[in-house]
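The structure appears right after this line, and notes come after that.
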Amino acid sequence: MNETGKSKQPMNAPPRRLRFRRFSTVQLLIALGLLLTCAPLVEEMKGGELIVPSLFPLEWLAGVLAVADRKRVLIIALVLAVPAVGGRWINHFRPDLIPPAVFPAAGLILSAFVVGNLIRFVLRAPSVNTEVLCASISAYLMLGLMWTLAYWLVDQLTPGGAFSFNTNAGTQSMNGFTGFYFSFITLSTVGYGDITPVSRIARWLAAMEAMTGLLYVAVLIARLVALYSSPKSDDSQDPSHK
C-alpha cells in the first residue's frame, strides 16, 4: 500500500485489455429477430428503403460489441461501418457523388468481419452456455444478411441480367426485401424456384451460400457436441469423482 492507501499494480503485471461487453449475444439475437420480422413491414413505410439498410450496420456493431474484447476490433468495425452507412445516405440525396454499389460492397466487408468474430467467439468458447448458443444462431442469421448484400451488389452491377423472376409480381429487382428473401431461402436450401440466378456470378453466389448453410450447421453441431461432452470426460478422469 502507498501513502494514499491505494495499491499499486505490479511492474510485471500484464496490461489490462479493454472489454466492450455492452451487449450480450442474447440481446444481439433478439435484435436480429426483430430486424428479420420488421424488415418487410418497415420497407413499405415512407423512407423504408433507407431505414432498413441503415439498420444493418447497427446490427453488425451490436455483434462486435457482444463478442469483442479488444479495442482494435471495435475501431475496425466502426471504420468499416462509416462507408456502409454514409454511402447509402449520400447516394440517396446525391447520386452523382457516390454510386449505389458502395453500400453493399462496404456492408459485405463489414458483415464478413462481424461473422468472423462471432464464429471465432464460438470456436474459442471453453464450454456451451447461453452466450455461445445465441452467438451461433446470430452468426447464421448474419450469414444470410451477408449474402443479401452480395445479391444486391450483383444486381446493381448487372441490372436485369443476373436474376430471373418467375412470378407475376411487379418486382424485378433484388434490392430490398426481395434479396433478403432469396438469401435466406437459399441459405436454408429450400429453393422455391420463384427467383432463379442466371448469370455466372449469381449462380456461383447461390451455390456458395447453399453449401455454407449446410456446412455451417454440420460444423456447428459437431463443435457444440464436443464442447458439451468435454467437461464430462474431464470429470470422469478426475480421481476425486471415483
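Looking only at the stretch 86-121, count how many residues are more than 17 Å from Val52 (Cβ to Cβ) and either of a type in the set (Lys, Arg) or not in a helix (DSSP H, G or I) (or both).
Here the count works out to 8.
Restricting to the stretch 168-182, name every residue that is assigned to a loop (DSSP other than H, G, I, E, B) and under 24 Å from the mean Cα position of the chain (by Cα). Please lay out each step first, then the result.
Filtering the stretch 168-182 down to residues assigned to a loop (DSSP other than H, G, I, E, B) leaves 168-176.
Within the stretch 168-182, Ser173, Met174, Asn175, Gly176 qualify.
I'm trying to understand the selection: among the residues of the stretch 140-167, which are among the hydrophobic types (A, V, I, L, M, F, W, C), open to solvent by less than 40 Å² (accessible area, probe 1.4 Å), over 30 Å from Ile221 (Cα atoms) and assigned to a helix (DSSP H, G or I)?
Listed by number, the residues that qualify are Trp152, Leu153, Val154.
Could you grab the pairs with beta carbons closer than 8 Å, sequence gap of 6+ or different chains, first residue in the stretch 99-126 and under 16 Å from Leu149 (Cβ atoms), second one among the aliphatic types (A, V, I, L, M) and surrounded by fewer than 17 Cβ atoms within 10 Å (Cβ to Cβ)?
Every condition considered, the pairs that remain are Ala101/Leu157; Phe113/Ile76.
List pairs: first residue in the stretch 196-220 and within 11 Å of Ser183 (Cα to Cα), second residue part of a loop (DSSP other than H, G, I, E, B) and open to solvent by 40 Å² or more (accessible area, probe 1.4 Å) anywhere in the structure, Cβ distance under 7 angstrom, at least six positions apart or on different chains.
Close Cβ pairs satisfying both conditions: Ala210/Thr189; Gly213/Ser188; Gly213/Thr189.
Which condition breaks for Ser127 when tested against (1) assigned to a loop (DSSP other than H, G, I, E, B); (2) over 27 Å from Leu227 (Cα atoms)?
Looking at each condition in turn, Ser127 falls short on (2).
Just for the stretch 125-139: of the residues that are of a type outside the set (Ser, Thr, Tyr) and open to solvent by less than 20 Å² (accessible area, probe 1.4 Å), which one is nearest to Thr186 (Cα to Cα)?
Filtering first and then ranking leaves Ala139.
Right, Ala62: open to solvent by less than 30 Å² (accessible area, probe 1.4 Å), part of a helix (DSSP H, G or I), under 15 Å from Leu145 (Cβ atoms) and in contact with a Pro (Cβ under 9 Å, 6 or more places away or on another chain) or not?
no
This table checks each residue for (1) open to solvent by less than 60 Å² (accessible area, probe 1.4 Å); (2) at pLDDT 70 or above.
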{"position": "Phe20", "(1), (2)": "yes, no"}
{"position": "Ser24", "(1), (2)": "yes, yes"}
{"position": "Leu32", "(1), (2)": "yes, yes"}
{"position": "Ser54", "(1), (2)": "yes, no"}
{"position": "Leu58", "(1), (2)": "no, yes"}
{"position": "Val67", "(1), (2)": "yes, yes"}
{"position": "Val79", "(1), (2)": "no, yes"}
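When the stretch 189-227 is examined, which residues are found to be assigned to a loop (DSSP other than H, G, I, E, B) and either closer than 14 Å to Leu149 by Cβ or open to solvent by less than 60 Å² (accessible area, probe 1.4 Å) (or both)?
Gly191, Gly193, Asp194, Ser199
Name the single residue that is least open to solvent (accessible area, probe 1.4 Å) among those in the stretch 168-188 being modelled with pLDDT of 90 or more and among the aromatic types (Phe, Trp, Tyr).
Within the stretch 168-188, the match that is least open to solvent (accessible area, probe 1.4 Å) is Phe182.
Please indicate, with yes or no, whether at least one residue in the stretch 2-16 is under 18 Å from the mean Cα position of the chain (by Cα), modelled with pLDDT under 80 and either assigned to a loop (DSSP other than H, G, I, E, B) or closer than 22 Å to Ala150 by Cα (or both).
There is no residue in the stretch 2-16 that is under 18 Å from the mean Cα position of the chain (by Cα), modelled with pLDDT under 80 and either assigned to a loop (DSSP other than H, G, I, E, B) or closer than 22 Å to Ala150 by Cα (or both).
The values are calculated or read from the model by the stated rules, or taken from the named source; none is laboratory data. Predicted, not measured: the structure shown is a model, and the values here were computed from it. Here Cβ is always computed from backbone atoms with ideal geometry, including for glycine, and neighbour counts include all displayed protein chains. Surface areas here come from the heavy atoms of the whole protein model, side chains and all, with no ligands, DNA or RNA. Shrake-Rupley method; radii C 1.70, N 1.55, O 1.52, S 1.80 Å.
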